[in-house]
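Visitor: Sending over a structure as structure tokens; questions will come in a sec.
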Amino acid sequence: MTHAVEPKVTLDLARGLGLTADEYDRIIERLGREPSYTELGLFSALWSEHCAYKHSKVFLRRLPQTGRRVLQGPGENAGAIDIGDGWAVVFKIESHNHPSFIEPFQGAATGVGGILRDIFTMGARPIALLDSLRFGDPADPRTRRLIDGVVSGISWYGNCFGCPTVGGEIAFAPEYAGNPLVNVMCVGLVRADRIFRARAEGVGNPVFYVGNKTGRDGIHGATMASATFDEHAEERRPTVQVGDPFTEKLLLEACLEAMASGVVVGIQDMGAAGLACCTSEMPARSGMGMAVELSSVPQREEGMTPYELLLSESQERMLIVAARGQEAALQQIFAKWELDAVSIGQVTDGGDLVVRHRGDQVAHVPIEALAEAPMYEKPYAAPAWLRERQAFDPLSLPEPSDLGAALLDVLASPTIASKQWAFRQYDQQVGINTLVLPGSDAAVLRVKGTRRAIAVSTDGNGRQVFLDPRRGAALAVCEAARNVSCAGGQPLGVTDCMNFGSPERPDILWQFAEAIEGIAEACRALELPVVGGNVSLYNETSGAAILPTPVIGVVGLLEDAGQLATQWFKGAGERIALLGPDAVSLGGSEYLWARHGRLAGTLAALDLETERRVQAAVRAAIGSGLVTAAHDCAEGGLAVALAESCITGREPMGCDVTLGAEGRRDQALFGEGPSRVVVAVEASRQREFEALMAESAIPWRWLGTTGGDRLRLRMGSTTIVDLGLDSVEHAWRNGFEHHMA
Amino acid sequence: MRFGVVVFPGTWSDCDFHYVISEVIRQPVKYVWHRDRNLDDLDCIVLPGGFSYGDYLRAGAVAGRSPVVEALPEFLSRGGLVLGSCNGFQILCEAGLLPGALMRNECLQYRCQSTHVVVDNVETPFTRALRPGQVLQMPISHGEGKYHADIETVRALRAHNQIVFRYATAEGKVTKAANPNGSLDNIAGIVNAEGTVLGLMPHPERAAESAMGGTDGLLLFHSLLGSLVEDGTFSKR
Amino acid sequence: MKVRVLIRLKPGIMDVQGAAVQRALGGLGFADARGLRVGKLIELDVDAATPAQARNRVDEMCQRLLANTILEDYAIDVEGAERLAPSEQVR
């Protein structure tokens, strides 16, 4: 037989595959010779930014990763945290930004597929998905097509697979127009002593390929994710993978069954860089080697070369290291679920990856070389123009004369407005675990067989991070944790998705470095380990980068599922309180953007100790049954939080609230700042609540009462907002949806 | 009452029905694999929601021709009952065990939301515990729930009182606004002529615990349990 | 033998998807697109000695699975055989 003639390996070829001249030299040095074409392919994928985190690793190390509940930190396919009663949560967030711009439906769908596999490869059954999405202007038809494609893709994959989508966010800014962000988080449950890892162990153990056949999908998807877009972005269409959620569901059941039966030694899903990644990462973790014969790989295209077989990103495939002697048992399980399960090699010692194709050796590489991509410490510096932006004083703009109209405008801002248009396309309840559906601060899911529940939220704010990366990123951590606390959950762990422009630009890398510092500081103060995450760089088109956007996912625990809280007012005549400090700012606020089209100013001060105490106070109040509603103040400030508490419940419930008499009215209403929570307390429990707040040593005060059908806000004795709930709800409900009708 | 919950490749509400039947109404329940034709020791078969075979070709098309579904006519003739929810309803129509077909939602989008249905027929084993005109609240979650049948079929359904549930307002009014998917005549659930097979698009297993938002779905199960006569057979229509 | 099957909604059945697609075309400046309906094309190879045998085999497949005869009509096209006139094809 004859191979198709492999291209001659040259520096130009290496460059075409995304490697630098320096990296090419390193490869030659490491191998002691020039690589073969197939070997070059392995390096180009494994050493891509997407797989190797070359620019970001030096910073990611600064994140706190340990804690007494951490069962698995970064380094595996997802993180794991002990939640008691013998259970653990496995979770991670991942991005699929570049593919979603090229082909929104399949890009988003395969993003969901990828993160689901990252969870069930650890032995956990996925129980929840959350999607954090960012787009340009929804008034632009191209953006609307992107939104529609992405939401449909997530809906199709998640629904067909059978994992509920219980939360997430959709935000808008012009900086995302050519580079939408699609971050998907998945949470799964597993018995704490049955977590599986992606390690190749046991010399002679067979290596099984299971799942869908391999085609030419997404070859060099990893390198596409590591490159910025230019005018030719549309032409890259063929590299997008196509998902098959039905097969993924079968794969889930077969893998969990195989794991339960004791035949699985190690397992990893094939994601970015497919087989190349698995055959090197699995033995890398255990210091072993691997030998594979590619012609055994189930193929759905003819004439696939070894290069293609290794780099294909065909979906719904896993690599399993099985216990020797148990091959038949494994194959029987996969046959029942009508999936291919083929032995393609075995674990070896010696630390090398040896790849054959029809008996001929096409690659022989020390695994350490593949796993040790260069780490870069490129220069970074704050951009010169940032000072000027920060120096802007939002109070130099005139106050609106009609604050009620201003509130309606802010509520109708697409970032703040209702996202029901999206959520109702997602199955939110399959599994019958969802205690709190999308629409409150955090989703809550029960853990059947226990009294416990988990609370989950994802949050990010590109504008705030743009104006002050360190503080903005810290604020994002605080907000995600605060949302979990507002549901009654004790935050236990973090997963982060870092979405940034090109790290080769010093100002972008500075944003990244500062953001990591901010996340680290906040996580340390709140005692939250970062157990896994994702970095997506090069999110820019023709030199224009996205807003630097860390998206933070937090998982928390409710010891008693009966003690959960939701954000809407429940009854009339209840007292409303505001927990937290008065420090707010219009800088970087949604109000400043929606009403004045500006992204400027400085952010409110952040005191992490106060943040910690406010969250503890909220949880204590919820746990004692003292509050009937709790809602975090986020985008849009206090006025929006109050409006949302009035209108997002099943029955609208008005309120009458008095703010302090001093200061700018628009700042009091729409200023944004951390550590602030609105709660409602039954009148009869007022004294108890006051005693608890005194103990909590936090700033707080009474604001007013619930009741009626109007939203009334006063400053001192002046009524500054008096709106019927009908108009409030109308603005909020239609602000985003009317674009998609 | 002995329940069997059928599992096709791609089904996902099987676990939910199993949980509700065993933990909430505390009845014997087991999973039935799609290749299994032996339904001897079962009284009621549940075809749950999900995307059997990915909904590929048409929802329920492939599952409707599987061994377990082919064994259903014989099971029914021995006195068994069948409840099909969501994908289960689609499968029953594809198999010809119920008349008509389910098409893509008129809004062309998947819809997951709470709905109200009004009960039009309380003489089936599935609805005997209900009052005529009673309104139940149950969630739906589907992309292909628009019921369709030709004129003669609809006439027959009406003549034989086979329409069991229709989408309605909370007050029980059958209106266009209350119809989430464009179903003919707001039809949400029907039985066969003998009253032994119920197909409905809503998910009763998702409305079986107050923590999940409501318990109206339990009423179907209570009707079923109440339909058991002393000698182990069922009082049907 | 190569066979193609065109599956269409029966004439009386409302095609919501087709209507939406027609509106979308209108929005892009194609106001002259009318009567748009969306169907399915299935292509397959079958073992058969003659086109007639291939047609019968695939007809059975349509009746059994490929088409839902409550909602859909189908037309079978065997490569190399004469196309039957529409009135002879539609079931």
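Rule-based calculations on the coordinates, nothing more; no lab input. Keep in mind that what you see is a predicted model, and the values were worked out from it rather than measured. Cβ sites come from the backbone with ideal geometry, for glycine too, and all protein chains shown count toward neighbours.
Visitor: Net charge near residue B:84: determine it from the other residues with C-beta under 13 Å of the C-beta of residue B:84, scoring Lys and Arg +1 and Asp and Glu -1.
Guide: -3
Visitor: Sort the range B:3-236 into rounded, prolate or oblate with this rule: let a ≥ b ≥ c be the square roots of the eigenvalues of the Cα gyration tensor; rounded if a/c is under 1.5, and if a/c is not under 1.5, prolate when a/b is larger than b/c, oblate otherwise. Show your work: numbers first, answer last.
Guide: Numbers: a/c = 1.29, a/b = 1.15, b/c = 1.12.
Rounded.
Visitor: Among DSSP bridges having both ends in the protein assembly as shown, what percentage is antiparallel? Round to the nearest 5.
Guide: Working: 137 of 179 bridges.
Expressed as a percentage, antiparallel bridges in the protein assembly as shown total about 75.
Visitor: With each label point set 7 Å from Cα along the Cα-Cβ vector, what nm distance links residue A:741 and residue B:65?
Guide: With each label placed 7 Å out from Cα toward Cβ, I get 4.4 nm.
Visitor: Sticking with this one: Considering amide H positions built from the backbone, and no H for Pro or chain starts, which residues 5 or more places from residue A:720, or on another chain, come under 5 Å of its amide H?
Guide: Close amide H contacts, sequence-distant or interchain: A:713, A:714, A:715.
Visitor: Gain in length, residue A:388 to residue A:139, computed as 0.36 nm per residue apart minus the alpha-carbon separation, to one decimal in nm? Walk me through the intermediate numbers first.
Guide: Values: separation 249, 0.36 × 249 = 89.64 nm, distance 2.98 nm.
Once the chain is fully extended between residue A:388 and residue A:139, it gains 86.7 nm.
Visitor: Something else now. Ratio to report: Rg/Rh of the protein assembly as shown, with Cα atoms as the point set and Rh obtained by the Kirkwood method; give two decimals. Show your work: numbers first, answer last.
Guide: Values: Rg = 29.7 Å, Rh = 30.6 Å.
Ratio value, two decimals: 0.97.
Visitor: Counting only helical runs of four or more DSSP H residues, what would the 222 nm mean residue ellipticity of chain A come to if each run contributes -39,500 (n - 2.57) and the total is spread over all its residues?
Guide: Working: 27 runs with 261 residues, N = 741.
Theoretical 222 nm ellipticity from helices: -10000 deg cm²/dmol.
Visitor: Mind checking the mean number of beta-carbon atoms from other chains within 10 Å of the Cβ atoms in B:69-75?
Guide: On the way: counts 0, 0, 0, 0, 0, 0, 0.
Across the residues of B:69-75, the mean count of other-chain Cβ atoms within 10 Å is 0.
Visitor: Now for a separate question. Rounded to the nearest 20 debye, what is the charge dipole size of the protein assembly as shown about its Cα centre when +1 sits on each Lys and Arg Cβ and -1 on each Asp and Glu Cβ? Please list the in-between numbers first.
Guide: Details: 101 positive and 130 negative charges, 314 e Å.
Dipole magnitude for the protein assembly as shown comes out near 1500 debye.
Visitor: Rounded to the nearest 20 debye, what is the charge dipole size of the range A:475-540 about its Cα centre when +1 sits on each Lys and Arg Cβ and -1 on each Asp and Glu Cβ?
Guide: Details: 3 positive and 9 negative charges, 48 e Å.
Rounded to the nearest 20 debye, it is 220 debye.
Visitor: Tell me the angle of helix C:16-27 to the major Cα principal axis of chain C, expressed in degrees between 0 and 90 and rounded to the nearest ten.
Guide: In chain C, helix C:16-27 runs at an angle near 50 degrees to the longest axis.
Visitor: Tell me whether the range B:46-106 comes out rounded, prolate or oblate; compute the Cα gyration tensor, take square roots of the eigenvalues as a ≥ b ≥ c, and use a/c under 1.5 as the rounded threshold.
Guide: On the way: a/c = 2.00, a/b = 1.73, b/c = 1.16.
Judged from the Cα gyration tensor, the range B:46-106 comes out prolate (a/c at least 1.5, a/b above b/c).
Visitor: Find how much the distance from residue A:397 to residue A:338 grows on full extension, using 0.36 nm per residue of separation minus their present alpha carbon separation; answer in nm with one decimal. Before the final figure, lay out the partial values.
Guide: On the way: separation 59, 0.36 × 59 = 21.24 nm, distance 6.54 nm.
Once the chain is fully extended between residue A:397 and residue A:338, it gains 14.7 nm.
Visitor: Compute the acute angle (0 to 90°) between the alpha-carbon long axis of helix A:469-486 and the principal axis of greatest extent of the alpha-carbon atoms of chain A; round to the nearest 10°.
Guide: 70
Visitor: Same structure again: Listed highest first by mean packing, meaning other Cβ atoms within 10 Å per residue, what order do B:177-190, A:382-395 come in?
Guide: Taking the mean over residues of other Cβ atoms within 10 Å, the ranking is B:177-190, A:382-395.
Visitor: Which whole-percent values make up P(r) of the range B:1-64 when all C-alpha to C-alpha distances are grouped in 5 Å steps starting at zero?
Guide: Percent of pairs per bin, in order: 4, 19, 28, 22, 16, 8, 3, 0.
Visitor: Here is a follow-up. Once both axes come from the Cα atoms, what is the angle between helix A:686-696 and the longest principal axis of chain A, in degrees from 0 to 90, rounded to 10?
Guide: With both axes taken from Cα atoms, the answer is about 50 degrees.
Visitor: So if I take the alpha carbon set of the range A:262-409, get Rg, then get Rh from the Kirkwood formula, what is the Rg over Rh ratio? Please report the intermediate quantities before stating the final value.
Guide: Details: Rg = 26.1 Å, Rh = 19.5 Å.
My calculation puts Rg/Rh at 1.34.
Visitor: Next question. If R₀ is 22 angstrom, what is the calculated FRET efficiency for the pair residue B:173 and residue B:107, using the beta carbon separation as r and rounding to 0.05? Walk me through the numbers on the way to the answer.
Guide: Values: r = 21 Å, r/R0 = 0.94.
Efficiency for this residue pair is about 0.60.
Visitor: What's the local net charge at residue C:45, with K and R +1, D and E -1, over the other residues with C-beta under 10 Å away? Kindly include the intermediate steps, with their values, before the conclusion.
Guide: Numbers: positive: C:2; negative: C:43, C:47, C:79.
Taking every other residue near residue C:45 into account, the sum is -2.
Visitor: Follow-up question, since we're still on this one. If you take each beta carbon of peptide A:156-166 and count the beta carbons of other chains within 10 angstrom, what is the mean? Intermediate values should be presented prior to the final figure.
Guide: On the way: counts 5, 0, 1, 9, 9, 5, 10, 1, 3, 1, 0.
What the average comes to for A:156-166 is 4.
Visitor: On to the next question. How well do other chains shield peptide A:420-433, expressed as the mean number of their Cβ atoms within 10 Å of each residue Cβ?
Guide: Details: counts 1, 1, 0, 2, 8, 6, 3, 11, 5, 12, 10, 6, 14, 4.
Mean partner shielding for this stretch: 6.
Visitor: A follow-up question, please. What's the ranking of A:58-71, A:477-490 by average number of surrounding C-beta atoms within 10 Å, highest first? Display every interim value, and only then the final one.
Guide: Details: A:58-71: 16.6, A:477-490: 28.9.
Result, highest mean first: A:477-490, A:58-71.
Visitor: Of all DSSP beta bridges located in the range B:3-236, what percent are antiparallel, nearest 5? It would help to have the intermediate numbers written out before the result.
Guide: On the way: 24 of 40 bridges.
The antiparallel fraction comes to roughly 60 percent.
Visitor: Follow-up question, since we're still on this one. How charged is the neighbourhood of residue A:418? Take every other residue with its Cβ under 10 Å from the Cβ of residue A:418, and add Lys/Arg as +1 and Asp/Glu as -1. The partial results should precede the final answer.
Guide: Working: positive: A:419, A:733; negative: A:644, A:729, A:737.
Summing Lys and Arg as +1 and Asp and Glu as -1 gives -1.
Visitor: While we're on this one: Based on the alpha carbon coordinates of the range A:1-96, what radius of gyration and maximum Cα-Cα distance (Dmax) apply, in Å?
Guide: Using the Cα atoms of the range A:1-96, the pair Rg, Dmax is 19.5, 59 Å.
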